[in-house]
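What follows is calculated from the coordinates using simple rules that are stated; it is not laboratory data. All of these numbers come straight from a predicted model, not from anything done at the bench. FYI the Cβ positions are ideal-geometry reconstructions off the backbone, even for glycines, and counts take in every protein chain you see.
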Amino acid sequence: MINQILLSICIPTNGAVQWILPVLDSIYAQNCDLSKFEVIITDNGKDSKISDYLPRYNYPNLRYIPTTDEGFLNLVTSLKEGKALFCKMLNHRSVLLPGTISDWLAMIEKYKESQPIIYCSDGQVKGPDVIDCQDMDQFLQNLSYWASWSAGIGFWKKDMDQIGRIHLDQMFPNASLLFNVRKDSQYVIWNKKYEQMSDDAGKGGYDLFDTFAVHFLDLIKELRDAQRISNETFEVIRKDLFGLLVKLYKNEKILPTKHTFILNNIKKSMKVYYGISGYYRMVLKAYLLAPIDICFAAASKIKRFFLPVII
């Protein structure tokens, strides 16, 4: 334990060279002590070319591991491969902001004795940079639907040793870990902004509304039914998620998109937890918001067109 490194940065990918290389550049541009952290890439991409580019990253703390994992389960392998005291998941599109690794190392030093469950919410949660929560109910009431975001998770090495006993949901293995790696714990939402997402053109491949409007809420309902969270917290998450679903419908169904999500049976999915009226409210709100986005996009294009002339 004396010589154990502090941080494993765990990056699951599906062979996306165009995303993973800028992330690696952002990591090694921070000039942090390489002995304090490691970088693990687990790659389940078929015919992946990532290994062809790795010789340019000649760092002793970088490991590349091809896998045959299905879908999102690749992220679990990435975490399990970590050897550090704390294993932090990083999305393969997350370009780190300057100072992030130093911040993470300081965070680990601060909590290495108490070892609460830590979720890095990237500034998406209302509140200060650090939100302390005494139990899962308080934790999820603050975190809301962001608990579905896989990139926020991170676990202490002692928790990684428990993965084998946890049933992993195929769509949300991250949530399975977050909810079940411990039955009782103190929680910390580390809410500081730490990354900038690369362009996500081509993202998708799964049924978007069934996944979030049904499947994710099924997992939250299980927590409520097991009395691990209150009905009040369940309703907070359900109502907050409705706002996200409005945005998803607007961005993926109404406006042009570069994503490849499956958008079948949206009405059927919405009826499960929001009823038929919830479906129509979502559609109405999305259509009311769409013209605003179109106007902003048009204004931005006009500005970019005329700005060189003005200058």
Original post:
With each label point set 7 Å from Cα along the Cα-Cβ vector, what nm distance links T68 and Y206?
Top reply: 2.2
**OP:** Restricting things to alpha carbons, tell me how big the range 48-109 is in terms of Rg and Dmax, in Å.
**Re:** 13.4, 36
**OP:** For the chain, set up a Gaussian network in which alpha carbons nearer than 10 Å are linked by springs, and say which option among K192, K36, K46 fluctuates the most.
**Re:** K46
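For the chain, compute Rg over Rh where Rg is the Cα radius of gyration and Rh is the Kirkwood radius from the inverse mean 1/r over Cα pairs. Spell out each step's value before the answer.
Values: Rg = 20.5 Å, Rh = 20.9 Å.
Across the chain, the Cα-based Rg/Rh ratio is 0.98.
Check each of the chymotrypsin sites (Phe, Trp or Tyr not before Pro) in the range 15-120 and keep only those in coil by DSSP with at most 14 other C-beta atoms within 10 angstrom; list them in order. Don't skip to the answer; put the middle values down first.
Values: sites: W19, Y28, F37, Y53, Y57, Y64, F72, F86, W104, Y111, Y119; in loops: Y57.
Answer in residue order: no site qualifies.
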Subject >> Projected-area average for the range 204-306 over all orientations - Cα convex hull basis, square nanometres >> reply: 7.6
Original post:
Which residue, chosen from S144, Q124, G99, occupies the Cα position most advanced towards the positive end of the dipole of the range 97-157, where the dipole is computed from +1 (Lys, Arg) and -1 (Asp, Glu) charges on Cβ about the Cα centre?
Top reply: G99
Subject >> Of all DSSP beta bridges in the chain, antiparallel share, percent nearest 5 >> reply: 35
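Extension gain E222-D33, at 0.36 nm per residue separation less the Cα-Cα distance, in nm? Display every interim value, and only then the final one.
Numbers: separation 189, 0.36 × 189 = 68.04 nm, distance 4.27 nm.
Extra length from E222 to D33 when fully extended: 63.8 nm.
Working from the alpha-carbon coordinates of the range 1-78, get Rg over Rh, Rh being the Kirkwood radius.
Numbers: Rg = 12.8 Å, Rh = 13.1 Å.
Rg divided by Rh gives 0.97.
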Original post:
Which of the lysines could a cross-linker bridge to K36, judged by Cα under 22 Å and excluding same-chain residues fewer than eight apart?
Top reply: K80, K83, K88, K110, K112, K157, K158, K192, K193
Subject >> Fluctuation leader among L90, L178, L223 - the chain, Gaussian network, Cα springs under 10 angstrom >> reply: L223
